[in-house]
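Enquirer: Quick one: structure below, then a few questions.
The values are calculated or read from the model by the stated rules, or taken from the named source; none is laboratory data. Just so it is clear, the structure is predicted and the values come from calculations on it, not from any experiment. Don't worry about glycine lacking a Cβ; one is built from the backbone with ideal geometry, like all the others, and counts go over all protein chains shown. Just the protein is used for accessible areas: all its heavy atoms, side chains included, with ligands, DNA and RNA removed. Shrake-Rupley method; radii C 1.70, N 1.55, O 1.52, S 1.80 Å.
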Amino acid sequence: MGGARPDGFHDLANVFLAVGLYDVVTVRPADALRVTVSGADADQVPADGTNLAARAAELLASRRGLAPNVEIHIAKDIPVAGGMAGGSADAAGALVACDALWGTGCSREELLALCAELGSDVPFSLVGGAALGRGRGERLTPLEVGGAFHWVFAMADGGLSTPAVYRECDRLRAECGRGADVGSVPAPEPSPALLDALAEGDLAALASAIMAGGTSNDLQAAALSLRPSLADTLVAGEKAGAMASLVSGSGPTCAFLTRDEPAAKALAEALTATRTCRTARGAPSPAPGATLL
């Protein structure tokens with residue numbers, strides 16, 4: 001991750017890998033824009049115009065000169081406020097669904113441009129698979145993945161504000177005397193070892209690349225500074241047999257790489273038993289992006 005830009009964002013070399021956790025976004029004609037939410041932690045998801053799926057519908061409608069008269073229902077399964085881009089996935093899903101409902105006929109390039117306006121993670125939520133994100137993360141280059149990988153995600157109680165984690169990262173960098181702005185922090189580059197491991201489907205090499213230098217996530221130290229209890233979750237996962245561990249994005253979810261699906265199931269059960277997290281569950285990767293059902 002690069003230093004803070006004058007616009008407040010940071011340049012990224014972000015390796016995105018979609019995993020098999022999904023929300024289902026359903027749209028129906030209505031007399032006005034409405035959002036309903038069901039599933040785990042549904043009460044934590046806004047059901048008004050601030051919902052990213054609602055904003056996606058409004059943006060598409062405005063570009064096509066339409067009224068955003070649609071009812072959007074989101075059946076949540078992606079952890080809420082867990083740093084796993086669930087809101088971005090809902091926005092990408094709403095764009096695809098409303099494009100089909102309204103017959104607006106957007107090209108893939110048009111949908112990606114709308115996604116980039118909505119948020120840095122939304123374009124990848126449309127694309128899925130694996131990709132290298134540049135800029136804010138919105139400029140994507142597809143990556144090859146040579147095999148399936150199995151993960152466990154440990155969800156914490158409560159969320160972490162992404163802007164707060166970025167600010168804490170800047171503070172920690174400045175505190176170390178290196179500076180935190182663009183001129184002080186080298187331009188970010190992805191780990192060649194990590195990209196090679198993904199392309200070759202090499203589990204051991206991927207685990208090694210994730211753990212090289214302590215972590216492959218520049219935001220991890222900031223997330224741990226704001227939520228020290230996450231360190232206990234990481235240690236618990238490693239003791240229970242994870243091949244690699246890291247904070248997912250800006251947290252507070254922790255991600256663990258495992259050998260296979262049975263190992264993922266066993267690790268999820270072991271982590272839940274330690275009570276260092278609210279719950280844990282396995283998911284394979286790579287997985288597709290927003291798809292019409």
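Enquirer: Would you please list the contacts, defined by Cβ atoms under 6 Å and residues six or more apart or on different chains, that run from a residue in the stretch 60-78 that is at negative phi and without any contact (Cβ under 8 Å) to a residue 40 or more places away in the chain to a residue that is loosely packed, with under 14 Cβ neighbours inside 10 Å and outside any strand (DSSP E or B)?
Expert: Close Cβ pairs satisfying both conditions: none exist.
Enquirer: Would it be correct to say that residue 208 is among the polar types (S, T, N, Q) and under 28 Å from residue 8 (Cβ atoms)?
Expert: Criteria not met by residue 208.
Enquirer: Go through the stretch 122-136 residue by residue and tally those that are open to solvent by 30 Å² or more (accessible area, probe 1.4 Å), touching a Phe, Trp or Tyr at 6+ places or on another chain (Cβ under 6 Å) and either assigned to a helix (DSSP H, G or I) or not basic (Lys, Arg) (or both).
Expert: 0
Enquirer: Of all residues in the stretch 104-121, which are more than 22 Å from residue 198 (Cα to Cα) and either touching a strand residue (DSSP E or B) at 6+ places or on another chain (Cβ under 9 Å) or surrounded by 18 or more Cβ atoms within 10 Å (Cβ to Cβ) (or both)?
Expert: Within the stretch 104-121, 106, 111, 112, 114, 115, 116, 118, 119, 120 meet the criteria.
Enquirer: Looking at this structure, is residue 86 within 27 Å of residue 39 (Cα to Cα), modelled with pLDDT under 95 and either open to solvent by less than 20 Å² (accessible area, probe 1.4 Å) or touching a Cys at 6+ places or on another chain (Cβ under 9 Å) (or both)?
Expert: Criteria met by residue 86.
Enquirer: Could we say that residue 271 is over 22 Å from residue 16 (Cβ atoms), modelled with pLDDT of 95 or more and in contact with an Asp or Glu (Cβ under 6 Å, 6 or more places away or on another chain) here?
Expert: Criteria not met by residue 271.
Enquirer: Next up: In the stretch 116-139, which residues are touching a Pro at 6+ places or on another chain (Cβ under 9 Å) and either farther than 24 Å from residue 187 by Cβ or among the acidic types (Asp, Glu) (or both)?
Expert: Of everything in the stretch 116-139, those that are touching a Pro at 6+ places or on another chain (Cβ under 9 Å) and either farther than 24 Å from residue 187 by Cβ or among the acidic types (Asp, Glu) (or both) turn out to be 128, 129, 138.
Enquirer: Determine, yes or no, whether residue 282 is in contact with a helix residue (DSSP H, G or I) (Cβ under 9 Å, 6 or more places away or on another chain) and not in a helix (DSSP H, G or I).
Expert: So residue 282 passes the test.
Enquirer: Pick from the stretch 34-52 the residues that are open to solvent by 50 Å² or more (accessible area, probe 1.4 Å) and of a type in the set (A, V, I, L, M): which of them is nearest to the chain's Cα centre (by Cα)?
Expert: 40
Enquirer: Tell me which of these residue 236 doesn't satisfy, since it passes every other one: (1) within 29 Å of residue 168 (Cα to Cα); (2) under 22 Å from the mean Cα position of the chain (by Cα); (3) of a type in the set (A, V, I, L, M).
Expert: Residue 236 satisfies every listed condition except (2).
Enquirer: Also: So which residues in the stretch 274-284 are farther than 16 Å from residue 23 by Cα and open to solvent by less than 60 Å² (accessible area, probe 1.4 Å)?
Expert: If the condition is that a residue be farther than 16 Å from residue 23 by Cα and open to solvent by less than 60 Å² (accessible area, probe 1.4 Å), then 276, 277, 279, 280 are the ones that fit.
Enquirer: Which pairs turn up if I take residues in the stretch 126-150 that are closer than 19 Å to residue 116 by Cβ and acidic (Asp, Glu) and look for partners that are outside any helix (DSSP H, G or I) and open to solvent by less than 40 Å² (accessible area, probe 1.4 Å) with beta carbon separation below 9 Å, at least 6 apart in sequence or on another chain?
Expert: As it stands, the answer is 138/119; 138/120, since those pairs meet every condition given.
Enquirer: Also, I was wondering about something else. Listed residues 94, 89, 116; which is without any contact (Cβ under 8 Å) to a residue 24 or more places away in the chain and outside any loop (DSSP other than H, G, I, E, B)?
Expert: 116
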